[in-house]
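So the structure is just underneath, and the comments pick up after that.
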Amino acid sequence: MKTDFTLILGGEAGQGVESTGAGFALALARAGLHVFAVADYRSRIRGGHNFFQVRAKDSEFFSQNEGVHLALALSHEAADFHARQLVPGGAIVYDTALKVDKGAWPEGIQDFTMPLAEIVQDAGGNKLMSGTTEIGSADASLVSGDAAWTFTFNANATNALEQQVARAMTF
C-alpha cells in the first residue's frame, strides 16, 4: 500500500506548534518516510495563528500537497481555518473545550474531539504537551480507508521531542 499523507498542526504562538510538528516530522523521517515540512508563524512574540504542515510519502517528492488528510487544532481559530483544507474523508482532532463553528466546515470530514487538556493534566504535563497528545490520539483514533495509521517510536530515543510524542501515544 502506498503512503502519501499530509498532516497540519495549528494553534496560537507559544502552544508548541513548531516543536511538536518538527518532532513528528523527524520521527517520520527516522521511520524511513520521505518528509517535506513547512513551518508558518507570525512575527509576533505571543499570539496569532501558526501552523506546521508535514507531508510524508514512501517515495521521493519535492513539494507539499494542497489537500490535508489530518488536522490537529490547538485553538478554535486553527480548527475553523484548517477544517476547510481537509480532503473528503479527512479528519480533524481538537480539544472538547474549544468552541468551534462547524457551520463552515465541508461535508464528509471526520470530527474527533477529546479532552486533551485533561489528558495532559492527568499525565502530569503542562499545556504545551497538547500537541504531542493530539498526535498520539490521532494514531489511536484515525483510520484512512482500510489502513490504520500507526507510528512506532524507539523507547530509547534520546531526542526529548520524540520522547514526548512517545509518552503521548500511550494514552
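Odds and ends about this structure:
- Across the stretch 4-17, rounded Karplus estimates of 3J(HN,Hα) from the backbone phi angles (6.51 cos²θ - 1.76 cosθ + 1.60, θ = phi - 60°) give 7, 9, 10, 10, 10, 10, x, x, 8, 4, x, 8, x, 4 Hz, Gly and Pro being marked x.
- Dipole moment magnitude, nearest 20 debye, the stretch 70-120 about Cα centre, only Lys, Arg, Asp, Glu C-beta charged: 80
- For the pair Ala39 and Ser19 in one chain, pulling the backbone fully straight at 0.36 nm per residue adds 6.2 nm over the alpha carbon distance.
- Peptide ranges 103-115, 4-16, 51-63, 68-80 listed from the most packed, as the mean C-beta count within 10 angstrom indicates: 68-80, 4-16, 51-63, 103-115
- Computed from phi, the 3J(HN,Hα) profile of the stretch 71-87 under the Karplus parametrisation 6.51, -1.76, 1.60 (θ = phi - 60°) reads 10, 10, 10, 9, 9, 5, 4, 5, 4, 5, 6, 7, 4, 6, 8, 6, 6 Hz, with x in place of Gly and Pro.
- Each DSSP beta bridge with both residues in the stretch 1-101 is either parallel or antiparallel, and the antiparallel ones are about 65%.
Each value in this text was obtained by applying a stated rule to the coordinates, not by laboratory testing. In this text the structure is predicted, and so the values were computed from the model without any measurement. In this analysis, Cβ positions are derived from the backbone assuming ideal geometry, glycine residues included, and neighbour counts consider all displayed protein chains.
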